[in-house]
Amino acid sequence: MKPFVGAIFDLDGTLLDSMDVWNEIDRIFLSRRGISVPEDYLQVVAPMGFRRAAEYTVERFGLPESVDALIEEWDALAIEAYQTRVRLKPGAREYLFQLKRQGVRLAVATASREAYFVPALKNNGIYDCFEAFTSLAEVERGKGYPDIYWRAAEKIGTAPAGCVVFEDILAGVRGAKAGGFYTVAVYDRHADADRLELERTADRCIRDFFQLLEEDSCPASR
């Protein structure tokens, strides 16, 4: 790991082991309409903001519902899961606590909605680790671009060159690298289709956060 003073974390699939929740939400939502979940669907919508994902879903499947109605239905399916069932990826809590002890400034950059991730972070005891939260609703472009990572870095007062971005999806890694960030790809089984390209693109790949604890990676502030 290169020295760093700031760390920006994606949530779903990176810190939160939540992709099964979205697989189930997609299955329930589309099955109510007699549609099977396409294999590429979760991968396509993952880098999008929430509203853009809803617009894409309406367009792709020719749904009669409005985007707002779709979001309302997703909310009803997701909020209970995030409040009660979503847990952290292996080693995530321990690694965040280590970085805090070392004085690293921590931020979140997520496509998720506040109503989902705040309860999940609080229930898992890591909400107070972060100095700033940034969602795709705050920027114009999705995670294939650096906008959200630039905004997160700005909030914690660090330059991209001094920040590490942790992501599980290829679009996120590409967007962060385009913005001048050091990138760490965090393994998630739901991103297996892009595994080889992730390994070629990211500056570093890890199986879980325990790997970094074992290596005792050293931020610049140490």
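The values are calculated or read from the model by the stated rules, or taken from the named source; none is laboratory data. As the structure is a computational prediction, the values presented were derived from the model and not from experiment. No Cβ is skipped: glycine too gets one built from the backbone with ideal geometry, and neighbour counts run over all protein chains shown. Surface accessibility is based on the protein's heavy atoms, side chains included, excluding ligands, DNA and RNA. Shrake-Rupley method; radii C 1.70, N 1.55, O 1.52, S 1.80 Å.
Normalised radius of gyration for the stretch 74-157, please: alpha carbon Rg relative to 2.2 N^0.38 Å, two decimal places. Please list the in-between numbers first.
Details: Rg = 13.6 Å, N = 84, 2.2 N^0.38 = 11.8 Å.
Expressed relative to 2.2 N^0.38 Å, the Cα Rg reads 1.14.
Any idea of Arg207's accessible area? Nearest 10 Å², probe 1.4 Å.
About 130 Å², rounded to the nearest 10.
Treating the Cα atoms of the chain as identical point scatterers in vacuum, please give the log10 of the normalised Debye intensity I(q)/I(0) at q = 0.07, 0.08 Å⁻¹, two decimals.
Normalising to I(0) and taking log10 leaves -0.20, -0.27.
Given R₀ = 22 Å, FRET efficiency for Glu24-Val118 by Cβ-Cβ distance, to 0.05?
0.60
Exceeding 21 Å between C-alpha atoms, which entries from my cross-link table qualify? They are Lys143/Lys177; Lys100/Lys155; Lys2/Lys122; Lys100/Lys177.
On the way: Lys143/Lys177 11 Å; Lys100/Lys155 17 Å; Lys2/Lys122 30 Å; Lys100/Lys177 24 Å.
Distance filter (> 21 Å) returns Lys2/Lys122; Lys100/Lys177.
So how far, in whole Å, is the C-alpha centre of the stretch 1-50 from the one of the stretch 173-205?
About 15 Å separates the Cα centre of the stretch 1-50 from the one of the stretch 173-205.
Over the stretch 10-91, what is the relative contact order in whole percent, taking alpha-carbon pairs under 8 Å and six or more residues apart?
Across the stretch 10-91, relative contact order equals 44 percent.
Going by amide H atoms built from the backbone, whose H comes under 5 Å of the H on Ser135, apart from near neighbours?
Answer set, sorted by chain and number: Thr110.
Given a 1.4 Å probe and every protein chain left where it sits, what share in percent of the accessible area of the chain is carbon and sulfur? Provide the component values of the computation, followed by the final result.
On the way: 4850 of 9810 Å².
Answer for the chain: carbon and sulfur cover 49 percent of the accessible area.
Show me the three semi-axes of the equivalent ellipsoid for the stretch 146-222, from the C-alpha gyration tensor (sqrt of 5 times each eigenvalue), largest first, rounded to whole Å. Provide the component values of the computation, followed by the final result.
Working: eigenvalues 84, 59, 17 Å².
Result for the stretch 146-222: semi-axes of 21, 17, 9 Å.
Keeping all protein chains in place, calculate the accessible area per residue for the stretch 83-216 (probe 1.4 angstrom), answer in Å².
Working: 5870 Å² over 134 residues.
With the other protein chains kept in place, the stretch 83-216 gives 44 Å² per residue.
Dipole size in debye (nearest 20) for the chain around its Cα centre, Lys and Arg Cβ +1, Asp and Glu Cβ -1? Working shown, then result.
Working: 28 positive and 36 negative charges, 123 e Å.
Its charge dipole is roughly 600 debye.
Figure the gain on full extension for Met1 and Arg51 (residue separation times 0.36 nm, minus the Cα-Cα span) and round it to one decimal in nm.
Numbers: separation 50, 0.36 × 50 = 18.00 nm, distance 3.50 nm.
Result: 14.5 nm gained on full extension.
For the chain, what is the mean residue ellipticity at 222 nm derived from helices alone (per DSSP H run of n ≥ 4: -39500 (n - 2.57); sum divided by total residues; nearest 500 deg cm²/dmol)?
Numbers: 10 runs with 99 residues, N = 222.
Using -39500 (n - 2.57) per qualifying helix, the result is -13000 deg cm²/dmol.
Out of the DSSP beta bridges found with both residues in the chain, what percent are antiparallel (nearest 5)?
Here the antiparallel bridges make up roughly 10 percent for the chain.
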